[in-house]
Amino acid sequence: MLRFGKALQMQDVDQLDPTPEETPAPAPSPRAADWFWHPRYAKLTWALTLLYWVGLELMITLPYDQLNIYLVNTMVLLIFVFNPITVVAVLGYGFLKAKVACGEWVITAGPPSQRPILDPYTDPFDPRSGDMHLRHIGVIQD
């Protein structure tokens, strides 16, 4: 044990109990709430999404002659931005990265691609086929 005010010398270092080497504990599994609701940007995103959809429903209740065409077009285009599926996909990207980083999920390569069709009579993308592939669906009769 070292005392205060005493300089650490080489023999003191040798007398210290060596701690056994421990393997680092795996990172804890992230919770979905930590990515979809707890950060400020997530709360802001969900609040804006709610306000957008409430505003869109209120806009539909207005008579047609009172609507501004530019506002309507903007609201229609923003359907893609504030779609709940889009919001979940954007906020879930960090969750996916955290799951992969902790080792709970593993990204693997997909199946190998199949060999292309070598028969020019059945492959419509083969320039040698011409209109020959159309006879298989009944367009060209033999």
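How many residues does segment 56-80 contain that are surrounded by 13 or more Cβ atoms within 10 Å (Cβ to Cβ) and free of Cβ contacts under 8 Å to residues at least 24 places away in the same chain?
Selection size over segment 56-80: 5.
For L44, are the conditions met, namely being among the aliphatic types (A, V, I, L, M), modelled with pLDDT of 90 or more and surrounded by 13 or more Cβ atoms within 10 Å (Cβ to Cβ)?
So L44 fails the test.
Quick test of your reading of the structure: I85 fulfils all but one of (1) exposed (fewer than 10 other Cβ atoms within 10 Å of the Cβ); (2) not in a helix (DSSP H, G or I). Name the failing condition by number.
(2)
The values are calculated or read from the model by the stated rules, or taken from the named source; none is laboratory data. Here the structure is a predicted model, which means the values were calculated and not measured. Ideal geometry is used to build each Cβ from the backbone, glycine not excepted, and the neighbour counts take in all protein chains shown.
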